[in-house]
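What follows is a single structure, written as structure tokens, with notes after it.
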Amino acid sequence: MTLSEVQFELKAPKGQFNKFGHYAYRSTEDILKAVKPLLQKFGDDLSLSDEPVLVGDWHYIKATATFTDKDGKQTSSTGFARESANKKGMDESQITGTASSYARKYALNGLFLIDDTKDADTSEYHQQNQQSAKTNRQRNNQQSVLIARKKAYTAVVKEIAQVNGTTTKEVNKGIAETLQAVPDYQSLSEDDKIIKSINAANKMLESAKQMQQEGQAG
């Protein structure tokens, strides 16, 4: 039996039901259960394989579904699913297993021309991962801003040390003493602390330059 004939005859019902979301959906197992009788009847074969791949900073599972007809002709389809960065109540193996299940489902959908665009289960998985990606982008952006501010602070401290003819260690010590007088300083976030530090350093630099100019004028 050719792949096109299997695609035509295959009927894979949505055999699962999500009680929380109140929707029916089709799982990988539902597709396999529907296609196995056709494979057995016509002597065809289906194989599934997984492999982890890294795309940027994200770990994906790449699944490959390969259909081999009785004459040995092979046709393959691949599907990708990203491992969630954080899935409450699940360990790493369960997270990988979930991604594998979705990746295999996508591969089978492509191989047998199953339209899953309106499948709530598939949509929900995409939404979860899109939200996870958005959260991680925001976290990475915040981290980048923090690093840039720390570099700016370090540059000002070095300039103060040069103007005063002292060490950066002494400058940092002076700024730290100034910041201790700021109300609730210890309870501030790391980002707010570095902003306060930059402001204090800029004031110290301005004062140091003014004293230097007065000394040169005298």
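Considering only segment 6-13, I want to know if a residue exists there that is more than 17 Å from D115 (Cβ to Cβ), more than 25 Å from the chain's Cα centre (by Cα), in a loop (DSSP other than H, G, I, E, B) and of a type in the set (G, A, S).
Kept after step one, since they are more than 17 Å from D115 (Cβ to Cβ), are these residues of segment 6-13: none.
Scanning segment 6-13 turns up no residue that is more than 17 Å from D115 (Cβ to Cβ), more than 25 Å from the chain's Cα centre (by Cα), in a loop (DSSP other than H, G, I, E, B) and of a type in the set (G, A, S).
Of the conditions (1) closer than 22 Å to D115 by Cβ; (2) charged (D, E, K, R); (3) touching a Leu at 6+ places or on another chain (Cβ under 8 Å), D30 fails just one. Which one is it?
(3)
Would you mention how many residues in segment 51-75 are crowded, with 16+ Cβ neighbours inside 10 Å and either more than 20 Å from the chain's Cα centre (by Cα) or not assigned by TED's automatic domain parsing to the domain that holds I95 (or both)?
Number of matching residues: 6.
Quick check on segment 199-214. Is at least one of its residues surrounded by 15 or more Cβ atoms within 10 Å (Cβ to Cβ), at pLDDT below 85 and part of a helix (DSSP H, G or I)?
yes
Tell me the strands (runs of 3 or more DSSP E) entirely within segment 36-111 that contain at least 2 residues that are touching a Leu at 6+ places or on another chain (Cβ under 6 Å).
Details: elements: 45-55, 58-68, 74-82.
Here the list reads 58-68, 74-82.
Going through segment 152-166 one residue at a time, which ones are closer than 17 Å to S197 by Cβ and hydroxyl-bearing (S, T, Y)?
Result: Y153, T154.
The values are calculated or read from the model by the stated rules, or taken from the named source; none is laboratory data. In this text, all values refer to a predicted model and were calculated from it rather than measured experimentally. We place every Cβ from the backbone using ideal geometry, glycine too, and count neighbours over all the protein chains shown.
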